[in-house]
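Presented below is the structure to which this report refers.
The values are calculated or read from the model by the stated rules, or taken from the named source; none is laboratory data. This structure is a prediction, so every number in the text was calculated from the model and none was measured. Every residue, glycine among them, receives a Cβ derived from its backbone with ideal geometry; neighbour counts consider all protein chains shown. Surface accessibility is based on the protein's heavy atoms, side chains included, excluding ligands, DNA and RNA. Shrake-Rupley method; radii C 1.70, N 1.55, O 1.52, S 1.80 Å.
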Amino acid sequence: MEMPLLMPSVGEYPIYDPQAYEFMIADKLRTDAYREAVRALAPGRVVLDIGTGQDAIWAVTAAKAGASRVYAIEVLRDAAKLAREAVDRAGVADRVTILEGLSTEIELPEQVDLLVSEIIGTIGGSEGAEAVLDDARRRFLKPGGHSIPHRCVTTVAAVDLGRLMPDLAFAPIMAPYVEQVFASVGRPFDLRLCLMGLGRQQLMSTQAEVEDLRFEELRPGSGVDRAELRVTRAGRMHGLGLGIRLWITEEGTAIDSIAQWTNWAPVFVPVSESGLELAEGDVVSLEFTRKLSADGVHPDYGISGVVRRGDAVLADISWESPHGGGGFRENPVHRSLFPLPR
């Protein structure tokens, strides 16, 4: 079994990187599901693609599928420039308009029938999907219009990282991304950790669903979800694994970032560097909280709870992950990842 790859969560920050973009597009599970949905829903309709990216893939797909008009929004200047070039190469510039900026600050000349977006984060709403798509739905989408994707929930489970934990470290290729995240916030902080390859083999409890985002009826703001995880196999709990289940359409099956390989790398929430020794039947009780950060778009996340064996409390759990960055080196895992210079 290959060991999971540790990486920072980057999608919620203004980082443009062609290599990361190509890695995302190479996710066949993701792209095939989106392509099928866009081809089915775009013909004859006015389409809006939010976060179109450098290749404007879904804008071009919609136009070629027979959309009457397509508006494609991209906030990053370099990506918007490349998107215009991609639209020209595809021969659909007469039907696709690339708009540069934030979708929340852009006006469209008309309402649309279909809203397409790929701003789902490694935690479902971490890239601001709830606030951004609620604004787009209210201002741009016609009554009875369709959204791609349809729904996303975040999942949580206890994880045993086994032999990975003592040597947990970023691969050298990840160093530039760590620095870019720090630069976007303006200082180092305990960034969110992702483990590409974290799967069911590392889970040691049941999974619970939190942060249920239904994109045709969003209500952005604060939320609290309570979950109880039951340990299903004895082992050492090093933390929590957060994944997503994403329904591209209402009728389709969910993409599951824990059960399947996707570019949505599961988030690792550190709880114990050495691991809490747990037995089958132990219980992890959690509160998962989210509220809009100071930018009004990206959520601040938090998890609190306890690990119990019967009536006895074995450990407390506390994790705060504000989008704008919290403290630095505040837990043993981050202190190990970012040792002080000697």
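Within region 97-144, restricting attention to residues that are of a type in the set (Gly, Ala, Ser) and out of contact with any helix residue (DSSP H, G or I) (no Cβ under 8 Å at 6 or more places or on another chain), the residue that is nearest to Pro8 (Cα to Cα) is Ser126. Taken over region 62-80, residues that are in contact with a helix residue (DSSP H, G or I) (Cβ under 6 Å, 6 or more places away or on another chain) and of a type in the set (A, V, I, L, M, F, W, C) amount to 5.
Within region 162-189, no residue that is at positive phi sits with its Cβ atom under 7 Å from a residue that is open to solvent by 60 Å² or more (accessible area, probe 1.4 Å) at 6+ positions apart or across chains. If the condition is being open to solvent by 10 Å² or more (accessible area, probe 1.4 Å) and either polar (S, T, N, Q) or closer than 20 Å to Ile57 by Cα (or both), then region 116-131 contributes Glu118, Ile119, Thr122, Glu127. Summed over region 107-136, residues that are over 10 Å from the mean Cα position of the chain (by Cα) and more than 28 Å from Glu287 (Cβ to Cβ) total 12.
Please determine, by comparing only the residues of region 320-342 that are within 26 Å of Gly128 (Cβ to Cβ) and among the polar types (S, T, N, Q), which one is most open to solvent (accessible area, probe 1.4 Å). That would be Asn331. Take the conditions more than 19 Å from Thr31 (Cα to Cα) and either charged (D, E, K, R) or not in a loop (DSSP other than H, G, I, E, B) (or both) and apply them to Ala80. Does it pass? Yes, satisfied.
Within region 248-274, the only residue that satisfies the criterion of being open to solvent by 20 Å² or more (accessible area, probe 1.4 Å) and in contact with a Pro (Cβ under 6 Å, 6 or more places away or on another chain) is Glu273.
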